[in-house]
Amino acid sequence: MRKAIVFLMLVSISLISPNLLFAQSKNEILIRNATVLTAAKGTFENTDILIQNGKIAKIGKSLKASANAQIIDGSGKFVSPGIVDCHSHTMLDAVNEFSYSVTSMTRTRDVLNPKDIAIYRALAGGVTTANLLHGSANAIGGQNITVKFKYGKAVEEFPIADAPPGIKFALGENPKRTNFNPTPNAVPRYPRTRMGVMEVIRDAFVRARDYKKEWDDFRAKKSNVQPRRDLELEPLVEVLEGKRLVHAHGYRSDEHLNLLLIADEFGFKVATLQHALEAYKIAPEIAKRGTGASIFADSWSYKLEAYDSIPYNGYILWKAGVSVSINSDSDERMRRLNLDAAKMMKYGGVPEEEALKMITLNPAKQLGIDRRTGSIEVGKDADIVIWNAHPFSVYAHPELTMIEGEIYFDRSKDLTRRAELQKERETLEKLDVNRPPGSGGTPPKVPTEQRRADLDDADGGNR
Amino acid sequence: MQLRMTNDELRMTNRLRPMIISSIHRTAFLLLTAYCLLLTANAQSDGSQQNQTGKAGTFAITNARIVTVSGAVIENGTVVISNGKIAAVGANVSIPSGAERIDAKGLSVYPGMIDAGTNLGLAEIGGGAPATIDVAETGEMNSNAKAIIGINPHSSHVNVTRVNGITTVLSFPQGGIISGQAAVINLNGSTQAEMAIVPLFGLVVNFPRIALGGGGFNPFGAQTPVDFTEALKRRDQRLEDLKKLFRDAENYAKVKEAGEKDKNLPSSPVDLKLEALVPYIRGEKPVIFTAERERDIRGVAKFAADLKIKAIILGGQEAWKAADDLKKNDIAVIYTNIYNLPVRDDDAYDFLFEAPAKMVQAGVKFCISTGDGGAEVRDLPYHAGLASAYGLSKDEALKSVTLYPAQILGLGSQLGSIETGKIANLVVTDGDLLEARTNVKYLFINGRLLPLTSRHTELFDSFKNRK
C-alpha cells in the first residue's frame, strides 16, 4: 500500500512537472580545463567547474560528472562570473514618472518588457544581472527591481525574488529640470535649485517619520485609529527601517555629501551613490559610512556636472576602501563593461581581480544579492560567461552566457541561425504589405515597427 | 564653476578667480596659486596646457620594439627624431651625437593614432553649457562654415585624447544639409594654425535620406509619421536642390574666372557660400557624405559620379553591402559605428562590430573612427580592438586607426606609419596599442616630446592623497 502511494506520488509529480524528476541530470554541466576568474578567490588555470541544478557544485581539477552531463570544453577559454550592471534601464517601457518631485509609489517592475532585444545584446556582452532603476527626473524617484536576464522566459521569471528592494534618488541637474525644455505653459516644478532638491528629500523623510510614528503608535495600541496606507511614504519608512536600499543619482561631490548628511540626520544608510563622478573628492566621507559607489569607468564632459569626472575616480575610491561598481546606464555600453573594468587597471592601477569585482561581486554586494551571484564560488548560482580570451582584452567576446546553469547566449548557435533568419526576413519582405509602392505593394501608412520613427536611421533623424 | 570653492578648485579655475574674489582673499589666493605652482611645476591650469607645446629636439628611441605598420615589426631597433620628422628607423641606425636618448627596453613604438571622424575642439561640455558648443551652424547650407575657425586649441579634450596615443584627428561640423568644412589637426599647438595639418580638408554633406519621422525626439509630443511616397519625394527634391547648388558653384567659378581674364565684363558679386563650394565641385577636395544605409550609400556613389566629385562616406553601417559602387567610384569609408547599437531589432547583435571585417572581405577602403564629439575620442583604440574581437585581423585593426585614416585624409605619405621622412607623431607604450590595459609612456607630436598630463591627471594629483 505504502509503495503504491509512493508510486502514485511519483507519477503525479512527473505529470505536473516532467522536468522535476530529471532536473538533476538535465541541469548538469561540466566546463573542462578553462582559466577560471573567480572574482573572489583568484584565477585558476586548467580548472573545471561542475554545475548541478543551476548552482556551482564544484570547482577543481579533473572533476567527474554523470554520464548525461553536458560537457563544455574550456581549453584556451576564460570563464568569469556573469556581469552585474548596477545601473540600467533596459527592459523598461517607461523610465521617468516626471510629474512629481517625489514618486516613491511608482515601480519599475510594473513596466518590464521581457522581449526587449537589448536583453539579448547584453547577454552577448556577458551581462546576466541588472539593477533596473527609475530615472533621475525626481529628487525621490520610483522603486527599482533587480533582475536576471532570462531572455525568452515569462516576465515574472526575471526579478530576483530574494533581492532587497530599493529606490532611486536623484540630485543636481536632472531633478532641477533646468536643462530641459518645460512643457509649454506649464508652471515650473519645484525644486529648481540644489537647495530645493535637498529640502524635497528632507520634507519627504519628515513626513515618512511622522507616518511611521502613526503606525508604531497604532501597533503599540497607543492609538485606536488605524492610519490610512500611504503608498508614497511606505517605501520611505522601509528606508528608515533599513529594509530598502537607496540608490542616489548625483554628480557633484558636495551634493552627494549633503545627501549623506541628510541620511545621517534621519538615521539611514545610502546603499549606493550612482554615477558619483566626483566621488573621488569625498572618498573618506563615503568610506566612513559604508556607502558604495556605482560609477561610469571614464565618461565625462557630456554635461556640466560631469566636467570634473576623471577616470581615476574608481582607483581613488577603491584605495579609500569604498565598494566600487562600474555600471553602464546604457543598452549600448552594457555590452562592453568588461573593457570598462579593464580601464581601472590602466587609470591608477587597480589590481586585476579588484577591477573584475567592480563589474561582478561588488555590484552584487551593493544590491544585496552576493549570496547568489557575482563570483564563481561553490553554492552560488551558475551565472557564468565563457570568453574566447581574457575578458579584459579588447579582442575578447563572450562565447556562452548562462544563468543558473541555463544557456541564454551561445555565439556558435547565433551564427548558425543567421542564414535561416535572413531567409525568413527575405520572405517577409516579399509580402505585399512590405513591398515598396510602385511595385504592387500596399505598405501601411504608418510604419509598424516598434522603433521610434526618428531613429529610422542610425544618425537619429534629420540632423 | 564659480560657486565651487574648495582649495583645489581655486587652482583649477585660477583664470576665473580674480574676477570674483574679494581683495581680502586676494593675497591668500595668490599665495595659494604660487604654492600650487611650486608644488606641481609641470601641471598647468585647466585647459591652458596647450601653451606648453612640449620639448623640441633630436631624440633617439632605442632598444624598442618598433611597430612600423607599413612594414615588418622591428623587434629591437631605434627611431631617430629630428626637426619634427622621423630621421631614421631600423635595427641598426647610427644615433646622431647630441640626441636625447630614450631607452625603450620592453616598450613598443607605434605611429600616433588618427581619428578621422570627430568634433574635437568644437564641443566642450555636452549638456548644460550651450556656450561651449560650436558644432552646428544654423541654416541648411553652410559650405563656408569652417571647423578650423571654431576649434578651441585649449579645449581640455585635446590633452585627454592625446595622452591615450591619438595624435591627429579630423574635426567636422554638423547640422543642416551642408554642415561646413572639416579640418585635420594635430593635437598640439597654441593656435588653430599651429594645430592645422589640412585646415580645409573636406566638405561635410548630410546626404538627404528618406526620413519617415518629423526628426528630433520630443518626449512630450507624438511623432507625425510621413507617408513613404511623400518621404521619397521630399528626399529626391532635397537631392535636386543639392545638385543645383553644386552646379551654381561651377557656374559661379566660370563667371569669376571669365571676369578675371576680361576686365570689360561686368563684375559679379562675391557669394561666400558658392565660393566655398568651388574646390569641391571641381574634385580638388573630397566631399564627406554622412550615410549609413545601403540605399543611401549607393545614392552617394551615384551623386558623386553624376557631379564628378570626390566622395568619402562618414558612418557607413552598411557600406560592405554597397562595395561594388564604392569600389567603382573609389569611395572610402570613415566607419563610426562600433559604439552604436544595431538599428533594427532583427539585426545580428554584432552587426556593427563585424562591419569592418566585412568591409575588408568586400574590398572596401575604410578606417575606424569614434564619431565622437571629443571627450571620448581617446577610446579610438578600443573601437578598433572590438572590431577585431568580431573578425577583423589584428593587423587590419591597427591599420584602421593609423595608416588607413592617414591615406583617406590624403596624408598617407606624411602620417600613419613609422617611415623615414614622415611627421614624427609617435607613441611609446608598454603593450599592445589597442588594449585597454596598455599605458602610454612617451608621446611625440611633430617631433616634440609632450608631457603626459591632462585635466584628468591634474585632478587626480589634487585629490589622490586627500584623507
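Each value in this text was obtained by applying a stated rule to the coordinates, not by laboratory testing. Please read all numbers here as calculations on a predicted model, not as lab measurements. Here the Cβ positions follow ideal geometry from the backbone for every residue, glycine too, while neighbour counts run over all protein chains shown.
Averaging 1/r over every pair of different alpha carbons in segment B:113-415 and inverting the result gives a Kirkwood radius of 20.1 Å.
Ranked for footprinting exposure by Cβ neighbours inside 10 Å, fewest first, A:129, A:416 give A:416, A:129. The magnitude of the dipole of the protein assembly as shown, with charges of +1 and -1 set on the Cβ of Lys/Arg and Asp/Glu and taken from the Cα centre, is near 1020 debye. On full extension, the segment bounded by residue B:284 and residue B:133 gains 51.3 nm, given 0.36 nm per residue less the C-alpha separation. Applied to segment A:164-180, the Karplus parametrisation 6.51 cos²θ - 1.76 cosθ + 1.60 on θ = phi - 60° returns per-residue 3J(HN,Hα) values of x, x, x, 8, 9, 10, 8, 10, x, 3, 5, x, 5, 6, 7, 8, 10 Hz, with x for Gly and Pro. Of the residues B:63, B:183, B:278, the one whose Cα sits farthest towards the positive end of the charge dipole of chain B is B:63 (charges of +1 on Lys and Arg Cβ, -1 on Asp and Glu Cβ, taken about the Cα centre).
Of the residues B:358, A:221, the one with the fewest other Cβ atoms within 10 Å heads the list, and the complete ranking is A:221, B:358. Across chain A, the convex hull enclosing all Cα atoms gives 228 Å³ per residue.
Listed by chain and number, the lysines whose alpha-carbon sits under 16 Å from that of residue A:41, ignoring those within fewer than 8 places in the same chain, are A:58, A:61, A:357, A:365, A:380. What the phi angles of segment A:374-390 give under the Karplus curve with 6.51, -1.76 and 1.60, with θ = phi - 60°, is a coupling list of x, 7, 9, 9, 4, x, 7, 4, 7, 9, 9, 10, 10, 10, 6, 8, 4 Hz, glycine and proline written as x. When +1 charges are put on Lys and Arg Cβ atoms and -1 charges on Asp and Glu Cβ atoms, the dipole computed for chain A relative to its Cα centre reaches about 900 debye.
Take the Cβ atoms of residue B:194 and residue B:100, set R0 to 22 Å, and the FRET efficiency comes out at 0.45. Ordering B:120, B:449 by the number of other Cβ atoms within 10 Å of each residue's own Cβ, fewest first, gives B:449, B:120.
The C-alpha atoms of chain B define a longest principal axis, and helix B:380-389 lies at about 70 degrees to it. With R₀ set to 45 Å, the beta-carbon distance separating residue B:262 from residue B:234 gives a calculated FRET efficiency near 0.60. With the alpha-carbon atoms of the protein assembly as shown aligned to their principal axes, the span from lowest to highest coordinate is 116, 82, 70 Å, starting with the largest. Ignoring lysines fewer than eight residues from residue A:213 along the same chain, the ones with Cα atoms less than 23 angstrom from its Cα are A:221, A:222, A:243, A:269. Each label was represented as a point 7 Å from its Cα along the Cα-to-Cβ direction; for residue B:270 and residue A:420 these points are 6.8 nm apart.
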